[in-house]
Amino acid sequence: MAMYIRVKRSKTTYFIQCDPTETTLDIKQKLHTLIDQPVNDQRLILMNTGDILEDSKTLADQKVENDAVVALTLRKGCFFLLVFFFCSFHFLEMFLIAHHPFPVILIC
Amino acid sequence: MGAACSRKRDQLDNVDGFDRGVSGRYCKSGSSKWLATTFSRPVLEIQREKKKCPSLLELCTHKIREDIDNYVSFSTLPRDLSQQIFNELVKSQRLTDVSLEAFRDCALQDLYLGDYPGVNENWMDVISSQGSSLLSLDLSGSDVSDPGLIYLKDCVNLQDLNLNYCDQISDRGLKHISGLSNLRSLTFRRNSAITAQGMAALSGLVNLMKLDLEKCPGIHGGLIHIKGLTKLESLSIKWCNCITDADMKPLSGLTNLKSLQISCSKVTDFGITYLKGLQNLSVLNLEGCPVTASCFDTLSVLVSLLYLNLSRCNLSDDGCEKLSKLGNLKVLNLGFNDISDACLIHLKGLTNLESLNLDSCRIGDNGLIHLTGLQNLKCLELSDTEVGSNGLRYLSGLCKLESINLSFTVVSDGGLRELSGLTSLKSLNLDVRQITDAGLAALTSLTGLTHLDLFGARITDSGTSHLRNLKNLRSLEICGGGLTDAGVKNIKDLSSLLLLNLSQNCNLTDKTLEMISGLTGLISLNVSNSRVTSAGLRHLKPLKNLRSLTLEACKVTANDIRRLQSAGLPNLVNFRPE
Amino acid sequence: MKKEDTVKLISAEGMEFVIDKEAAMVSQTIRNMLTSPGGFAEAEHGEVTFPEISAVILEKICQYFYWSLQYSRGKETEFHIEPELTLELMMAANYLHT
């Protein structure tokens, strides 16, 4: 393990061991084994920039470093948890840091 | 080279090993004794722990230490945690009278402030706020004076109090601690203000088990006040030259005494007779007392006596046949007495002896014949005697021997093969001018050796090849002048070495420093009187454990060493030139 | 990465931290819970609740676990501790034998 990242979704934080050369998709596959959500439904956002991580790019490419915080959002059926489409990045950060006990679901 | 002069180690007070106190981390009292005492285990532990990950608790403690000025109070923390922070601040010398305030009312149990800089009256208020929680307090070497001890009245559960070297404390101060009846250990060494009158305050300390009044010159007549302290197990009044026979009388009823040290007092054979009821006494130190062989009559009835120090007592062969009565002894020190081979015959029956010190006695080869039956001997001190090569054959059967000191004797190369079968040997002192490479060749079988002192021996480069098998050596001294860099090649792989002294070998150069740079366990290094220069110091950077570095009479300045210290030898505390 | 190789630590507020068992074992206390024979309930469910440890402290502790693993593999970086967390973190570290 060269590094780890913290993947946050509502009240849960996943510590994921990884390597800078791994791709976003690799990470999503690891998450799949933990949360049973298909990789296609996962979306990862690097918290300190607000950038959406692209599946084919490596963590190093996207400046995801050791101990980085990454937000996980899920798409379910016709609901999209695309919080960042509607809210400013700062709001997202606030709700994650405040560890809101319930998932905030915004419908498009 | 004159190497062998002024090297006689101080033989006084060897008993200290028996009752080392809690204090002494910085040790105002001891000079360089820290090397001897902290030599073995702690250093090895440092090495082993180097790779160990610091615990989160340690990281937090260090963090607090860094920003200690931002903390107002630790009183909300559990006691063991505030205690840990306190200890860390003391260890790193970050504790000040200001930061001390944060520890008010923390219910701390142990405050070890021995020899801590700046401790005075103003610290006592916070100290006393620990109240009934405080169990152990070490203020040795502080400037706390009599009124400061008033504060301790609230610390009713105090068990250990160390006021060594507190020269502001007198009889009046003692009065303030007279009510601390839970005290089990009280020590105030080197206090010239305490008198017999003040010692009346001790009479109420009925739970006292240990009392140390070493170097208190004014206490004559005061021991009457400890007459009732029947729980007392250890009493030291050594170096109190005011103590006389009359002072022994009050001790006669202290039947729980296990250790009594009255060295360098005026006690004579008559005073010793008061001790005959001390059936639990196992340690008795009479070093430097004006006693004669007559006292052996009294000592022979002390059934528990195991350790007896009679060095520097001016004993002669007269009456020494009575020594044979002391058959229980395990440790006997007869050093620096005027006894000869005729006396040793009476040691024949002391077969329980594990340690015998005959330093500077008038004994020679013929006397050692009488030691052949002492099969339990582990430690034999023959320094500065007339023992020569012929005598060593009598030692060859003492197979439990772990330590022999033959420094300043007349042994020569030919005799050393008699030692070659003593494979239990760990320590061998051959600081003898006439020993050469040829003698060293006889020692290659002694692979258990951890300490080898060849200080004045005339060892040359070719002789060092005999050291290669001595892989367990932790200390090595070769200072006879005959070594060059080529000889150091055989030393550089002795990776257990903690102490290395190669001083007085004036042909050693920076190349030597380069070669020993792999001896990373070293905590003490001496290459004085050599051609080492400041340019060679860089080779010492890997020696992270180095605490003492001596490079006198070399082309090295104190500033050069200081630069080395700050560049990466944080443990270096003792260096010369300074 | 398998689910069985992880353990869930739950803070006083109910916040959850899913970490590798290997990391959790850095704490002697958690190691005992997960490995002691006869088994704590914790061992079976892979969940440990800490009613007296807040989320912000528990997260810091998890970060320490991973830092510690990295340290023991030779990556000796500095572990950052926010000054305002130190005392609370110290108490938790003490409880967790960490």
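None of the figures in this text is laboratory data; all of them are computed from the coordinates on show. Note that the structure is a prediction, hence the values are computed from the model and not measured. Cβ sites come from the backbone with ideal geometry, for glycine too, and all protein chains shown count toward neighbours.
What number, in nm² with one decimal, is the all-direction average of the projected area of the convex hull of the alpha-carbon atoms of chain B? Don't skip to the answer; put the middle values down first.
Values: hull surface 103.7 nm².
Computed as one quarter of the Cα hull surface, the answer is 25.9 nm².
Would you list, by chain and number, the lysines whose Cα falls below 24 Å from the Cα of B:LYS348, excluding same-chain residues fewer than 8 positions away?
Partners within reach: B:LYS322, B:LYS325, B:LYS330, B:LYS378, B:LYS400.
Wrap a convex hull around the Cα atoms of the stretch C:3-96, take a quarter of its surface area, and give that in square nanometres. Could the numbers behind the result be given before it?
Working: hull surface 25.2 nm².
Approximately 6.3 nm², given one-decimal rounding.
With helices defined as uninterrupted DSSP H runs, which ones in chain B have an alpha carbon span along their own long axis of at least 24 Å and mean Kyte-Doolittle hydropathy of at least 0.0? Before the final figure, lay out each step's value.
Numbers: long enough: none.
Membrane-span-like by this rule: not one helix.
By a straight-distance test (C-alpha under 18 Å), which aspartates and glutamates pair with B:LYS489 as possible cross-link partners, with residues fewer than eight away in the same chain excluded?
Counting by Cα, and skipping residues close in sequence, B:LYS489 has these aspartates and glutamates nearby: B:ASP437, B:ASP461, B:GLU477, B:ASP510, B:GLU514.
Radius of gyration and Dmax for the stretch B:403-514's Cα atoms, expressed in Å?
12.7, 38
Over chain B, what is the mean sequence separation of C-alpha contacts under 8 Å (at least six apart), divided by residue count, expressed as relative contact order in percent?
On the way: 1447 pairs, mean separation 31.4, N = 578.
Normalised by residue count, the contact order of chain B is 5 percent.
Quick one: putting +1 on the C-beta of Lys and Arg, -1 on the C-beta of Asp and Glu, what dipole do you get for the stretch C:3-96 around its Cα centre, in Debye to the nearest 20?
Values: 7 positive and 16 negative charges, 64 e Å.
Charge dipole of the stretch C:3-96: 300 debye, to the nearest 20.
Would you mind ranking C:PHE65, B:PHE336 so that the residue whose beta carbon has the fewest other beta carbons within 10 Å leads the list? Don't skip to the end; give the middle numbers.
Details: C:PHE65 25, B:PHE336 22.
Sorted ascending by nearby Cβ count, the order is B:PHE336, C:PHE65.
Test of understanding: ordering A:ARG6, B:ARG563 by Cβ neighbours within 10 Å, fewest first, what list do you get?
Working: A:ARG6 20, B:ARG563 13.
Result, fewest neighbours first: B:ARG563, A:ARG6.
Enter the Cα centre distance for the pair the stretch B:523-548 and the stretch B:280-316, rounded to the nearest angstrom.
The two parts, judged by their Cα centres, are 45 Å apart.
Extending each Cα 7 Å along its Cβ direction at A:THR33 and B:ALA342, get the distance between those two points in nm, one decimal.
9.0
Give the span of the protein assembly as shown's Cα atoms along each principal axis, as three whole-Å numbers ordered largest to smallest.
Largest to smallest, the principal-axis extents are 112, 68, 56 Å.
Calculated FRET efficiency, B:GLU121 and B:LYS91, Cβ-Cβ r, R0 22 Å, to nearest 0.05? Let's see the in-between values first.
Values: r = 24 Å, r/R0 = 1.08.
Approximately 0.40, to the nearest 0.05.
For a footprinting-style exposure proxy, rank C:PHE79, B:PHE408 by other Cβ within 10 Å, fewest first.
Working: C:PHE79 18, B:PHE408 21.
In increasing order of surrounding Cβ atoms, one gets C:PHE79, B:PHE408.
Here is the link list: B:LYS210/B:LYS426; B:LYS541/C:LYS60; B:LYS215/B:LYS249. Which ones come out longer than 29 Å on Cα distance?
Numbers: B:LYS210/B:LYS426 33 Å; B:LYS541/C:LYS60 36 Å; B:LYS215/B:LYS249 20 Å.
From the list (B:LYS210/B:LYS426; B:LYS541/C:LYS60; B:LYS215/B:LYS249), the Cα-Cα distance tops 29 Å for B:LYS210/B:LYS426; B:LYS541/C:LYS60.
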